[in-house]
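Colleague: Below is a structure I'd like to ask you about.
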């Protein structure tokens, strides 16, 4: 009687000199079965005789065969990948979220695929379609696409979580920072300092976070504040570009869409010999790790980016696996 396991091991040792990548055909030849049988054993897609399955697994171990993850995912209808869409990878706000998402995904045996829309809402549906072709679930970070587009996407039934975007009535979970509440705190703080005229350097027009901040600023009359909104953007270049428009409004304080905008505005204000905070108070958002060398200290609102990323990714993992979310 021939010991099949011993026979396989001897075959492998004799051919160990070969440096070519081991294929499913090699495994089948060593185990004495067809490549199709090897595939069924590895993918678990059909019942296989226990003795045959044992021979295949023995050959796999002896040969050091590593299945192609993408091919296995295709066979099982799973990719083992989380897709993430962000509007701007150059914005330091997003890398910390992505790092947290990656940590959660890795702990659950998943990879992460990232796409960037470059603050262009028109391309987001196409990018999402690309992600859906090879991902098991989606995280949409600060998506700029229209509400009807999100509704259409949600109706497809793919596991999906929105980050920093809340759409009432949408059958998709959302995790977000309280932009309205944070802005309200700023308004109260400025009012206590005696400010009455405030300028707001607004963010991207399609940004939900920006809309929430404007909504809070519009309610700032309760604090005795009058707010002038100056269209701006999300970058330091944008802040530098519009800074000259602040003083003509009569503002004694300026709130910016984020710290990048604040940094650009501070640079321009310094060039105009405007002392901060003596002549003008400047408040940012996000508490980003930026180089403030040579610039005034910035008052900013801190955002829990690591927590945001971890909670969003964990929620998506629960949606993908069908397990309950135990977080309160």
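Colleague: Can you find even one residue in the stretch 70-91 that is closer than 30 Å to residue 302 by Cα, out of contact with any strand residue (DSSP E or B) (no Cβ under 8 Å at 6 or more places or on another chain) and at pLDDT 75 or above? Break it down into steps so the answer makes sense when it comes.
Modeller: To start, the set of residues in the stretch 70-91 that are closer than 30 Å to residue 302 by Cα comprises 82-91.
Cutting the leftovers down to out of contact with any strand residue (DSSP E or B) (no Cβ under 8 Å at 6 or more places or on another chain) gives us 90-91.
From what's left, at pLDDT 75 or above: 90-91.
Within the stretch 70-91 (the criterion being closer than 30 Å to residue 302 by Cα, out of contact with any strand residue (DSSP E or B) (no Cβ under 8 Å at 6 or more places or on another chain) and at pLDDT 75 or above), the answer is yes, since at least one residue qualifies.
Colleague: Moving to a separate point now. Pick from 144, 156: which is over 26 Å from residue 280 (Cα atoms), part of a loop (DSSP other than H, G, I, E, B) and modelled with pLDDT of 95 or more? Walk me through how you get there before you give the answer.
Modeller: Details: 156 fails: modelled with pLDDT of 95 or more.
Going through 144, 156 in turn, the sole match is 144.
Colleague: Filter the stretch 201-225 for residues that are in contact with a helix residue (DSSP H, G or I) (Cβ under 8 Å, 6 or more places away or on another chain) and either assigned to a loop (DSSP other than H, G, I, E, B) or outside the structural domain of residue 284 (by TED's automatic domain parsing) (or both); which is farthest from residue 188 (Cα to Cα)?
Modeller: Among them, the one singled out is 206.
Colleague: Out of all the residues in the stretch 92-105, is one or more outside any helix (DSSP H, G or I) and over 16 Å from the mean Cα position of the chain (by Cα)?
Modeller: Within the stretch 92-105, the subset outside any helix (DSSP H, G or I) is 92.
Retained after the next criterion (residues that are over 16 Å from the mean Cα position of the chain (by Cα)): none.
No - not one qualifying residue is present in the stretch 92-105.
Colleague: Then there is this: Which of the residues spanning the stretch 106-135 are crowded, with 19+ Cβ neighbours inside 10 Å, assigned to a loop (DSSP other than H, G, I, E, B) and free of Cβ contacts under 8 Å to residues at least 60 places away in the same chain?
Modeller: 117, 135
Colleague: Continuing with the same structure: From the list 256, 249, which residue is crowded, with 16+ Cβ neighbours inside 10 Å and out of contact with any helix residue (DSSP H, G or I) (no Cβ under 8 Å at 6 or more places or on another chain)? First the steps, then the outcome.
Modeller: Working: 256 fails: out of contact with any helix residue (DSSP H, G or I) (no Cβ under 8 Å at 6 or more places or on another chain).
After applying the criteria, what remains is 249.
Colleague: Does the stretch 112-136 hold any residues that are at pLDDT 95 or above and in contact with a helix residue (DSSP H, G or I) (Cβ under 7 Å, 6 or more places away or on another chain), and which are they?
Modeller: Those that are at pLDDT 95 or above and in contact with a helix residue (DSSP H, G or I) (Cβ under 7 Å, 6 or more places away or on another chain): 112, 113, 114, 115, 117, 125, 128.
Colleague: Go through (1) surrounded by fewer than 17 Cβ atoms within 10 Å (Cβ to Cβ); (2) closer than 29 Å to residue 150 by Cα; (3) touching a residue at least 40 places away in the same chain (Cβ under 8 Å) and name the single condition residue 209 misses.
Modeller: If we test residue 209 against (1) surrounded by fewer than 17 Cβ atoms within 10 Å (Cβ to Cβ); (2) closer than 29 Å to residue 150 by Cα; (3) touching a residue at least 40 places away in the same chain (Cβ under 8 Å), just (1) comes out false.
Colleague: Got at least one residue in the stretch 281-292 being over 19 Å from residue 212 (Cα atoms) and at pLDDT 95 or above? If you could, list the steps in order and put the result at the bottom.
Modeller: Of all residues in the stretch 281-292, those over 19 Å from residue 212 (Cα atoms) come to 281-282, 288-292.
Right, trim to at pLDDT 95 or above and you get 281-282.
The answer is yes, given that some residue of the stretch 281-292 is over 19 Å from residue 212 (Cα atoms) and at pLDDT 95 or above.
Colleague: What number of residues within the stretch 169-179 satisfy the criterion of being within 22 Å of residue 303 (Cβ to Cβ) and either surrounded by fewer than 18 Cβ atoms within 10 Å (Cβ to Cβ) or in contact with a strand residue (DSSP E or B) (Cβ under 7 Å, 6 or more places away or on another chain) (or both)? Lay out the reasoning, then the answer.
Modeller: Kept after step one, since they are within 22 Å of residue 303 (Cβ to Cβ), are these residues of the stretch 169-179: 172-179.
Applying the additional criterion that residues be either surrounded by fewer than 18 Cβ atoms within 10 Å (Cβ to Cβ) or in contact with a strand residue (DSSP E or B) (Cβ under 7 Å, 6 or more places away or on another chain) (or both) yields 172-176, 178.
Matching residues across the stretch 169-179 total 6.
Results for (1) over 20 Å from residue 276 (Cβ atoms); (2) surrounded by fewer than 22 Cβ atoms within 10 Å (Cβ to Cβ), shown as yes or no for each residue.
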position: 138; (1), (2): yes, no
position: 154; (1), (2): yes, yes
position: 184; (1), (2): yes, yes
position: 187; (1), (2): no, no
position: 223; (1), (2): yes, yes
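Colleague: Could you check residue 140 against (1) within 27 Å of the chain's Cα centre (by Cα); (2) closer than 21 Å to residue 90 by Cα; (3) in the same structural domain as residue 264 (by TED's automatic domain parsing) and say which number it fails?
Modeller: The number of the failed condition is (3).
Colleague: Do you know which residues across the stretch 164-200 are more than 18 Å from the chain's Cα centre (by Cα) and in a loop (DSSP other than H, G, I, E, B)?
Modeller: Hits for the stretch 164-200 are 168, 169, 170, 171, 193, 194, 195, 196.
The values are calculated or read from the model by the stated rules, or taken from the named source; none is laboratory data. From a predicted model like this one, the values you see are computed outputs, not experimental measurements. Note that each Cβ is placed from the backbone with ideal geometry, even for glycine, and that neighbours are counted across all protein chains shown.
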